[in-house]
1. Would you be able to tell me the number of residues in segment 77-108 that are free of Cβ contacts under 8 Å to residues at least 60 places away in the same chain and either exposed (fewer than 15 other Cβ atoms within 10 Å of the Cβ) or closer than 20 Å to Asp125 by Cα (or both)?
2. Got a sec? Which helices (runs of 4 or more DSSP H) wholly within segment 1-80 have at least 1 residues that are at negative phi and at pLDDT 75 or above?
3. What is the one condition in (1) β-branched (Val, Ile, Thr); (2) crowded, with 19+ Cβ neighbours inside 10 Å; (3) more than 21 Å from Glu37 (Cα to Cα) that Val136 does not satisfy?
4. Starting from segment 43-56, take each residue that is of a type in the set (Asp, Glu) and list its partners that are part of a helix (DSSP H, G or I), counting only C-beta distances under 9 angstrom and pairs at least six apart or across chains.
5. Report whether or not Phe47 is out of contact with any helix residue (DSSP H, G or I) (no Cβ under 7 Å at 6 or more places or on another chain), aromatic (Phe, Trp, Tyr), more than 14 Å from Phe31 (Cα to Cα) and surrounded by 13 or more Cβ atoms within 10 Å (Cβ to Cβ).
6. Looking only at segment 92-100, decide whether some residue is among the aliphatic types (A, V, I, L, M) and farther than 23 Å from Phe31 by Cα.
Amino acid sequence: MKKLIPTAALIASFMPFQVSAVHAFYTKEKFPVCTSEKVIKRIVKRFNQTEGIYWEARGLVLNTVSKPHLHNDKAFPQSTINRRYCHGDAIFENGKKRRIHYLIEEGAGFAGYTWNVEYCIHGLDPWKYHDGRCRVLSQ
């Protein structure tokens, strides 16, 4: 334990470098792009789980996200957290299509070691969690 304290002090003395560089060094998963299959699968899984728990009456089942693309990755240039704001079309099992906005954040997953994704689908956010018309995620 005594050896850890000087090491931590030494590391802290070099903190002017980007924190995201430290995350990139320690994370096992690469920071994904908007079109990543892992990102799309995570959105679909979380949406369908949430629908089953909270919104059974709507009867919606998300199949996939089509036309995923990067909208902005420079929304907060002073931040040390890498973010990708993405858009696409949410395709449902019944054939309907709605606009989807999602945000991928590096180092925002479990204990800061992986990435996380937040999403919002137009017209399907009745509690305005991501503000009206998904404005929080449509940077």
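The values are calculated or read from the model by the stated rules, or taken from the named source; none is laboratory data. These numbers come from a predicted model, not from an experiment. Counting neighbours? That spans all protein chains shown, and the Cβs are built from the backbone with ideal geometry, glycine included.
1. First, pick out the residues of segment 77-108 that are free of Cβ contacts under 8 Å to residues at least 60 places away in the same chain: 77-79, 83-101, 103, 105, 108.
Subset that is either exposed (fewer than 15 other Cβ atoms within 10 Å of the Cβ) or closer than 20 Å to Asp125 by Cα (or both): 77-79, 85-101, 103.
Within segment 77-108, residues that are free of Cβ contacts under 8 Å to residues at least 60 places away in the same chain and either exposed (fewer than 15 other Cβ atoms within 10 Å of the Cβ) or closer than 20 Å to Asp125 by Cα (or both) number 21.
2. On the way: elements: 4-13, 19-26, 37-54.
Once the helices (runs of 4 or more DSSP H) in segment 1-80 are filtered for at least 1 residues that are at negative phi and at pLDDT 75 or above, what remains is 37-54.
3. Only one criterion is unmet by Val136, namely (2).
4. Glu51/Arg58
5. Working: out of contact with any helix residue (DSSP H, G or I) (no Cβ under 7 Å at 6 or more places or on another chain): yes; aromatic (Phe, Trp, Tyr): yes; more than 14 Å from Phe31 (Cα to Cα): yes; surrounded by 13 or more Cβ atoms within 10 Å (Cβ to Cβ): yes.
Spelling it out, Phe47 is indeed out of contact with any helix residue (DSSP H, G or I) (no Cβ under 7 Å at 6 or more places or on another chain), aromatic (Phe, Trp, Tyr), more than 14 Å from Phe31 (Cα to Cα) and surrounded by 13 or more Cβ atoms within 10 Å (Cβ to Cβ).
6. So in segment 92-100, the residues among the aliphatic types (A, V, I, L, M) come out as 100.
Now drop any that are not farther than 23 Å from Phe31 by Cα, which leaves none.
No, that holds for no residue.
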